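What follows is a short report on a single structure.
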Amino acid sequence: MQDNANSELSAPKRIPWNKGKLTDAKPPLRQKHVWAIRTKLQIDQRPRDLAMFNLAIDSKLRGCDVVAIKVEDVAPNGYAVDRATVRQKKTGRPVRFELTEQTRQAVDDYIRTAGKKPGGFLFTARRGQEDRMTTRQYARLLAEWIAGIGLDPHLFCTHSLRRTKATLIYRRTGNLRAVQLLLGHTKIESTVRYLGIEVDDALSIAEQVDL
């Protein structure tokens, strides 16, 4: 008995894996942060990063889908289109998204300066490479963009870009169904959880709509 007691006292305490780590969903960027990053990337003359950032915001795609975008997905004729469709890796379902004018301009500038052609990946780690950028490389780039405007990169992740426009659309319209479609979620409950809104909030919105 005494030996057991001593072994319990001497055994190292098990430290939870998430001790000291941020495990909650990372927040979306605010509008002022989006514009600050865009401005810095323009000043620093980084056409690839600007195109990637703008496209990630507009497309609301997961990181694995952003890095898998091919030139013809957004610029089938050599220039960016108004709307594009990408098949999601996680669900296998296609999702359609809009490209704003500033995103189209950024993509066109990048395609021209990098000499991108249909058939290849839009975003590669280095100029002249054919292999697509990895999600890890994308996450490191995001951390660099975030730190570049004075924010803590540990507070954000690639899902922050996915959430940014979706959250803004929900706050302005309260239209969960529209956000669900834009995010490519199969269930609206997933959208509720993803946006971090309460079910009661969703129900109150529904109660305001009379048929």
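The figures follow:
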{"quantity": "Boolean, Gln88 is surrounded by 10 or more Cβ atoms within 10 Å (Cβ to Cβ) and at pLDDT below 95", "calculated": "yes"}
{"quantity": "Any hit, region 98-117, residues being touching a Lys or Arg at 6+ places or on another chain (Cβ under 9 Å), among the aliphatic types (A, V, I, L, M), over 20 Å from Leu41 (Cβ atoms) and surrounded by 13 or more Cβ atoms within 10 Å (Cβ to Cβ)", "calculated": "no"}
{"quantity": "Positions within region 145-200 being touching a residue at least 40 places away in the same chain (Cβ under 8 Å), polar (S, T, N, Q) and within 23 Å of Leu55 (Cβ to Cβ), in sequence order", "calculated": "Thr158, Ser160, Thr164, Thr167"}
{"quantity": "Yes/no for Ala36 being within 12 Å of Leu122 (Cα to Cα), surrounded by 16 or more Cβ atoms within 10 Å (Cβ to Cβ) and at pLDDT 95 or above", "calculated": "no"}
{"quantity": "Scan of region 49-90 for residues that are over 23 Å from Thr191 (Cβ atoms) and either among the small types (Gly, Ala, Ser) or without any contact (Cβ under 8 Å) to a residue 40 or more places away in the chain (or both), ordered by number", "calculated": "Ala51, Ala75, Asn77, Gly78, Tyr79, Ala80, Val81, Asp82"}
{"quantity": "Flag for Ala80 being at pLDDT 95 or above, out of contact with any Cys (no Cβ under 8 Å at 6 or more places or on another chain), in a loop (DSSP other than H, G, I, E, B) and not β-branched (Val, Ile, Thr)", "calculated": "yes"}
{"quantity": "Test for Thr103: is it among the hydroxyl-bearing types (Ser, Thr, Tyr) and either modelled with pLDDT of 95 or more or under 19 Å from Thr164 (Cβ atoms) (or both)", "calculated": "yes"}
{"quantity": "Residue selected from region 106-138 under the condition part of a helix (DSSP H, G or I) and small (Gly, Ala, Ser), by the criterion farthest from the chain's Cα centre (by Cα)", "calculated": "Ala114"}
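The values are calculated or read from the model by the stated rules, or taken from the named source; none is laboratory data. All figures in this text were calculated on a predicted structure; none of them were measured in a lab. Virtual Cβ from ideal backbone geometry, glycine too; neighbours counted across all protein chains shown.
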